[in-house]
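Asker: Next up is a structure, given as structure tokens.
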Amino acid sequence: MHRPAVFAALLGLTRAASAVGDFWVQTDFCARVKAASDDAPVTYEDPVTKEKTTHGTADGRKACLHHCLTYTATQAIVAGLGARALGIRVHPGAAAAALALSFGTHYIADRRVPGHGVLEKLADKTGKTNFYKLASHGMNGAFHLDNSWHHGWETVAALLATTKATTR
């Protein structure tokens, strides 16, 4: 087995799966409500019924948890099937550790409670506050910082997943 090739394959598979999980699998409800808190509630309008509901901390946590579960499941399915197709045998413990890291870091980033979210605080501490808040000129700074956070942690997760990997 050539570990760099396995790493590249697993990173490509999980990166593709994360885009699918984030943008196609995630529900509109989760996308809109996952950052809700009691201090910054979110009003959600059902696109079909037009019914409006207001959501606080508990619903925000549930929506973020649901999203992260479907996101991680998407990564597990795509990486598992892709690895099998490529003849890569990923060690179950390494796969579980990689998926747990992806799940946890995704939840941390996506639970963007205004004024309290980890990415917002990190942006403040690194001088990126203005970029984080940028939402004009076709740009969304928070989105780009979120995406780069995910890319970085997915790279670490792919490294973890290559531990004890073999070929079939």
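The values are calculated or read from the model by the stated rules, or taken from the named source; none is laboratory data. All values derive from a computational prediction rather than experimental measurement. Here the Cβ positions follow ideal geometry from the backbone for every residue, glycine too, while neighbour counts run over all protein chains shown. Quick note on the areas: whole protein, heavy atoms, side chains included, nothing else; ligands and nucleic acids left out. Shrake-Rupley method; radii C 1.70, N 1.55, O 1.52, S 1.80 Å.
Asker: Sort 24, 149 from largest to smallest accessible area, using a 1.4 Å probe on the heavy atoms of the protein chains.
Answerer: Descending order: 24, 149.
Asker: Starting from the Cα of residue 34, draw a straight line to each of the aspartates and glutamates and keep only those under 18 Å, dropping any in the same chain fewer than 8 residues away.
Answerer: Qualifying aspartates and glutamates at Cα under 18 Å: 22, 45, 46, 59, 110, 120, 146.
Asker: Give me the distance between the Cα centres of the stretch 81-122 and the stretch 58-73, rounded to whole Å.
Answerer: Cα centroid to Cα centroid, the span is 13 Å.
Asker: Considering Cα pairs under 8 angstrom that are at least six residues apart, work out the relative contact order of the stretch 15-57 and quote it in whole percent.
Answerer: With pairs under 8 Å counted, the relative contact order is 31 percent.
Asker: Now for a separate question. Keeping all protein chains in place and using 1.4 angstrom, which order do 101, 160 fall into by accessible surface area, from largest down?
Answerer: 160, 101
Asker: Would you kindly state how much longer the chain becomes between residue 65 and residue 134 on full extension, computed as 0.36 nm times their sequence separation minus their alpha carbon distance, in nm to one decimal?
Answerer: That works out to 22.2 nm of additional length.
Asker: Just tell me, in residue order, which DSSP H segments of the chain are both 18 angstrom or longer along the helix axis (alpha-carbon based) and at least -0.5 in mean Kyte-Doolittle hydropathy.
Answerer: 3-20, 57-86, 92-110, 141-161
Asker: Quantify, in whole percent, the carbon and sulfur part of the accessible surface of the chain (1.4 Å probe; protein heavy atoms only).
Answerer: Here it works out to 64 percent.
Asker: Along the Cα→Cβ direction, 7 angstrom out, place labels at residue 86 and residue 116. What is the inter-label distance in nm?
Answerer: Here the answer is 4.0 nm between the modelled labels.
Asker: Which sequence of 2, 106 reflects their accessible areas, 1.4 Å probe, from the largest down?
Answerer: Ranked list, largest accessible area first: 2, 106.
Asker: Using the charge dipole of the stretch 1-123 (Lys, Arg: +1 at Cβ; Asp, Glu: -1 at Cβ; taken about the Cα centre), state which of 53, 123, 40 has its Cα farthest towards the positive end.
Answerer: Final value for the positive-end residue is 123.
Asker: Of 115, 138, 104, which is the most mobile in a GNM of the chain whose springs link Cα atoms less than 10 angstrom apart?
Answerer: With Cα springs under 10 Å in the chain, the top fluctuation among 115, 138, 104 is at 138.
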